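Input: a single structure, listed below in structure tokens.
The values are calculated or read from the model by the stated rules, or taken from the named source; none is laboratory data. As the structure is a computational prediction, the values presented were derived from the model and not from experiment. Glycine also receives a Cβ, built like all others from the backbone with ideal geometry; neighbour counts cover every protein chain displayed.
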Amino acid sequence: MENRSNKLELLDANNIPTADLFQNLKELNIINTYLGGHKITINALSKLSLEKNKSYTLVDVACGGGDSLKAMAIWARKNKIKIRFTGIDLKNDCILYAKNHCKDFPEISFITSDFRDVSQKFDITTCALFCHHLKDVEVIHYLKWCVSHSNKHFIINDLHRNWIAKTSISVLTYFFSKSYLVKNDAPLSVARGFIKNEWEYFLKHANISNYSLSWKWAFRYVIIVTI
């Protein structure tokens, strides 16, 4: 596929009406639930060999509506793994939505902040569908941040840039989405996604060698790094 798109998504704006943003977050959860996006992160988390007699801290960067955190918390409860979850997002409205969405999960807390302003370290760092919002050089900087802020592992779940994925999500959202944000941003997100060689380049330039990089259904790449 052609080079990564540099066009900004509507979601990257700072003045999105709250109702529109909430509709976007609701639909993104539906998409990630039924196309297996959350499952990809959970499967990666399950590969970390977490022990039941220990407690862990996990941060989800750019947590949006808290969907990924909620899915991971359900998995942790089911498997009797003790994890304190933290979600970080720039947008206050996202945090408000996420707090309500995760109100039955006291093990989840939230921080309204740019991740770069957070100095705390966590055992595990995750992000889903965040890196494609970054420029190439910013992806490398984010990888370095993950290394310095993760005690044990970090996981990245993001889009594979592919014409089949772009066409499919365009058709799907055209017919079923009520959100102009989703209709515009879903295919653009794919165009801003990555191919395998790009991830290998980013990891190399972030001085990361101990990683796994694998393709998953729904046109995703998942990266697991052990610190």
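Tell me whether segment 143-152 contains one or more residues that are under 24 Å from Asn29 (Cα atoms) and out of contact with any Ser or Thr (no Cβ under 7 Å at 6 or more places or on another chain). Spell out the reasoning first.
First pass over segment 143-152, keeping only residues under 24 Å from Asn29 (Cα atoms): none.
For segment 143-152, residues under 24 Å from Asn29 (Cα atoms) and out of contact with any Ser or Thr (no Cβ under 7 Å at 6 or more places or on another chain): absent.
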Phe130 being buried (at least 20 other Cβ atoms within 10 Å of the Cβ), over 15 Å from Asp12 (Cβ atoms) and in contact (Cβ under 8 Å) with a residue 12 or more places away in the chain: no
Some residue of segment 83-99 being without any contact (Cβ under 8 Å) to a residue 24 or more places away in the chain and closer than 20 Å to Val225 by Cα: no
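Just checking, which of Ile208, Ile227 is touching a strand residue (DSSP E or B) at 6+ places or on another chain (Cβ under 8 Å) and under 26 Å from Asn6 (Cβ atoms)? Show your work before the answer.
Numbers: Ile227 fails: under 26 Å from Asn6 (Cβ atoms).
Result of the check over Ile208, Ile227: Ile208.
Yes/no per residue for (1) surrounded by fewer than 22 Cβ atoms within 10 Å (Cβ to Cβ); (2) more than 16 Å from the chain's Cα centre (by Cα); (3) not in a strand (DSSP E or B):
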| site | (1), (2), (3) |
| --- | --- |
| Asp60 | no, no, no |
| Gly65 | no, no, yes |
| Ser68 | no, no, yes |
| Thr86 | yes, no, no |
| Ile111 | yes, no, no |
| Gln120 | yes, yes, yes |
| Ile124 | no, no, no |
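Considering each of Ile155, Ile208, Ile140 in turn, give the residue that is crowded, with 19+ Cβ neighbours inside 10 Å, in a loop (DSSP other than H, G, I, E, B), on the phi < 0 side of the Ramachandran plot and at pLDDT 95 or above. Let's see the steps before the verdict.
Values: Ile155 fails: in a loop (DSSP other than H, G, I, E, B); Ile140 fails: in a loop (DSSP other than H, G, I, E, B).
When all the criteria are applied, what remains is Ile208.
Within segment 88-109, can you find the residues that are among the charged types (D, E, K, R) and assigned to a helix (DSSP H, G or I)? Step through it out loud before you land on a result.
To start, the set of residues in segment 88-109 that are among the charged types (D, E, K, R) comprises 89, 91, 93, 99, 103-104, 107.
Of everything in segment 88-109, those that are among the charged types (D, E, K, R) and assigned to a helix (DSSP H, G or I) turn out to be Asp93, Lys99.
Do we find a residue being in contact with a helix residue (DSSP H, G or I) (Cβ under 8 Å, 6 or more places away or on another chain), under 24 Å from Gln120 (Cβ atoms), modelled with pLDDT of 95 or more and among the hydrophobic types (A, V, I, L, M, F, W, C) anywhere in segment 179-192? If you could, list the steps in order and put the result at the bottom.
From segment 179-192, those in contact with a helix residue (DSSP H, G or I) (Cβ under 8 Å, 6 or more places away or on another chain) are 179-187, 189-192; that's our starting set.
Adding the requirement that they be under 24 Å from Gln120 (Cβ atoms) leaves none.
Taking every residue of segment 179-192 in turn, none turns out to be in contact with a helix residue (DSSP H, G or I) (Cβ under 8 Å, 6 or more places away or on another chain), under 24 Å from Gln120 (Cβ atoms), modelled with pLDDT of 95 or more and among the hydrophobic types (A, V, I, L, M, F, W, C).
Going by what's in this entry, would Ser170 be described as in contact with a Lys or Arg (Cβ under 9 Å, 6 or more places away or on another chain) and not in a strand (DSSP E or B)?
Details: in contact with a Lys or Arg (Cβ under 9 Å, 6 or more places away or on another chain): yes; not in a strand (DSSP E or B): yes.
It is true that Ser170 is in contact with a Lys or Arg (Cβ under 9 Å, 6 or more places away or on another chain) and not in a strand (DSSP E or B).
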Pairs, first within 26 Å of Phe194 (Cβ to Cβ) in segment 1-27, second basic (Lys, Arg) and in a helix (DSSP H, G or I), C-beta under 8 Å, six or more apart: Met1/Lys166
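Among the listed residues Ser55, Ser109, Ser119, identify the single one that is within 15 Å of His153 (Cα to Cα), polar (S, T, N, Q) and free of Cβ contacts under 8 Å to residues at least 40 places away in the same chain. I'd like the intermediate steps shown before the answer.
Values: Ser109 fails: within 15 Å of His153 (Cα to Cα); Ser119 fails: within 15 Å of His153 (Cα to Cα).
After ruling out the rest, the residue left standing is Ser55.
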Some residue of segment 98-107 being crowded, with 19+ Cβ neighbours inside 10 Å, modelled with pLDDT of 95 or more, under 30 Å from Phe175 (Cβ atoms) and out of contact with any strand residue (DSSP E or B) (no Cβ under 8 Å at 6 or more places or on another chain): yes
Conditions (1) buried (at least 24 other Cβ atoms within 10 Å of the Cβ); (2) in a helix (DSSP H, G or I): number failed by Ile42: (1)
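Would you confirm, using the coordinates I've provided, whether Leu48 is in contact with a helix residue (DSSP H, G or I) (Cβ under 9 Å, 6 or more places away or on another chain), aliphatic (A, V, I, L, M) and assigned to a loop (DSSP other than H, G, I, E, B)?
On the way: in contact with a helix residue (DSSP H, G or I) (Cβ under 9 Å, 6 or more places away or on another chain): no; aliphatic (A, V, I, L, M): yes; assigned to a loop (DSSP other than H, G, I, E, B): yes.
Here the answer is no, as Leu48 does not meet what is asked.
Residues checked against (1) within 24 Å of Lys26 (Cβ to Cβ); (2) within 17 Å of the chain's Cα centre (by Cα):
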site	(1), (2)
Ile164	no, no
Tyr180	yes, no
Asp185	yes, yes
Arg192	yes, yes
Glu198	no, no
Tyr201	no, no
Lys204	no, no
Arg220	yes, yes
Ile224	no, yes
